[in-house]
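Take a look at the structure set out below.
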Amino acid sequence: MGALEIVLLPCLADNYCVLLHEPESGETAAIDAPSAEQIKAALTQRGWRLNHIFVTHHHTDHTGGIAELKAFYGAAVTGPAAESERISGLTRVVTSKSELEFAGHPIQVLETPGHTLGHVTYYFPEDGLAFTGDTLFSLGCGKVFEGDAELMWQSLSRIASLPGDTAVYCGHEYTLGNARFALTIEPENDALKK
């Protein structure tokens, strides 16, 4: 089991897909699949073949590329059991009790509802990586579409309980917008102005 290579791939207008590649086995995974075209181009550029897709939640800006990627690569598709009827193409469903791994790297599934009721975060404890989808962003959190504020707070608290050196990868690039909003609340916060 080698160290994972990580590619943060901008997709669509402001989404991220994260590609994970384990060089010893040659296995490659995508966290969410916003755009098959952009993901295929990134894989081709690197000479990688997609083996796994890990889906955080059912929204189409995270699932829109699944069908094409699954058909092209034969990739396995893992996603939250609570949203299995809303995500086409799943080959495995998971809950917080599921035992999961990618290329020998253990994965813990954290149930992080709030943005959607079945949202999950994939945590790689040995690598110190968390893939939070639309639960946690830089300087903010996802909109609460299906849950409520209490449910979102519990999910954010679950993520906050991870070790402090955990690298967090989110599903969208909202940093500047979140900073502008934060400045309306704390206009004297110099750190937000940088």
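The values are calculated or read from the model by the stated rules, or taken from the named source; none is laboratory data. This structure is a prediction, so every number in the text was calculated from the model and none was measured. Cβ placement follows ideal geometry from the backbone for every residue including glycine, while neighbour counts extend to all protein chains displayed.
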*Failed item, numbered, when HIS59 is tested on (1) more than 18 Å from HIS21 (Cα to Cα); (2) in contact with a strand residue (DSSP E or B) (Cβ under 7 Å, 6 or more places away or on another chain)*: (2)
*So which residues in segment 110-120 are touching a helix residue (DSSP H, G or I) at 6+ places or on another chain (Cβ under 6 Å) and either closer than 23 Å to ALA182 by Cβ or at pLDDT below 95 (or both), if there are any at all?*
THR112, GLY114
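Would you point out which residue out of GLY114, GLY79 is part of a loop (DSSP other than H, G, I, E, B), among the small types (Gly, Ala, Ser), touching a residue at least 12 places away in the same chain (Cβ under 8 Å) and surrounded by 16 or more Cβ atoms within 10 Å (Cβ to Cβ)?
Numbers: GLY79 fails: part of a loop (DSSP other than H, G, I, E, B).
On inspection, the qualifying residue turns out to be GLY114.
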*Evaluate segment 124-147: report whether one residue or more is in a helix (DSSP H, G or I) and at pLDDT 85 or above.*
no
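Check whether at least one residue in segment 156-173 is within 18 Å of HIS57 (Cβ to Cβ), in a loop (DSSP other than H, G, I, E, B), more than 12 Å from the chain's Cα centre (by Cα) and modelled with pLDDT under 95, and report yes or no. Talk me through it step by step, then tell me what you get.
At the first step, the residues of segment 156-173 found to be within 18 Å of HIS57 (Cβ to Cβ) are 156, 158-159, 168-173.
Cutting the leftovers down to in a loop (DSSP other than H, G, I, E, B) gives us 171, 173.
Applying the additional criterion that residues be more than 12 Å from the chain's Cα centre (by Cα) yields 173.
With the extra rule that they be modelled with pLDDT under 95, the set shrinks to 173.
Yes, segment 156-173 has at least one match.
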*Residue list for segment 96-134, filter: under 17 Å from MET152 (Cβ atoms), touching a Leu at 6+ places or on another chain (Cβ under 7 Å) and among the β-branched types (Val, Ile, Thr)*: VAL120, THR121
